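For reference, the structure discussed in these notes is given below.
Read the figures in this text as sums done on the coordinates, not as results from a lab. Fair warning: this is a prediction, and the values are worked out from it, not measured in the lab. As a convention, Cβ positions derive from the backbone with ideal geometry for all residues, glycine included, and neighbour counts pool all protein chains shown.
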Amino acid sequence: LDLESNDHLKGTIPTEIGRLSNLGHLSLSWTSLSGTLPLEIFHIRRLEMFSVSGTQLTGTIPTEVGQLSSLGTFHVYILVLEGMMVPTS
């Protein structure tokens, strides 16, 4: 799902995003999204690419990101996020 550079995308990321269980790619970069990353995103087990660079998101990177064994690309540059990336075993 590529919503990158969508000028109409504002507000917070809805928690319902986690219901998209077959989603492989999610690009929300360069939008006016704000708030924190909802934990529900990290319930999407097939997610291979997730990008939120250049948004207004703040907060921490949830530790649940380490549970996404399919995630190969996670773009979070130019953000005010804190936290550590924990490698999966």
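Before anything else, pin down the relative contact order of the chain: Cα pairs under 8 Å, at least 6 apart, normalised by residue count, whole percent.
26
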> Which of the following values of log10 I(q)/I(0) by the Debye sum over Cα atoms at q = 0.11 Å⁻¹ was calculated from the structure shown: [x] -0.49; [y] -0.37; [z] -0.26?
Replying inline: [z]
>> Can you pull out the trypsin sites (Lys or Arg not before Pro) in segment 1-61 whose DSSP state is coil and whose Cβ has at most 13 other Cβ atoms within 10 Å?
In response: R45
> Can you tell which of S27, T12, V65 lies farthest toward the positive end of the dipole of the chain, using +1 and -1 charges on the Cβ of basic and acidic side chains (Lys, Arg; Asp, Glu)?
Replying inline: V65
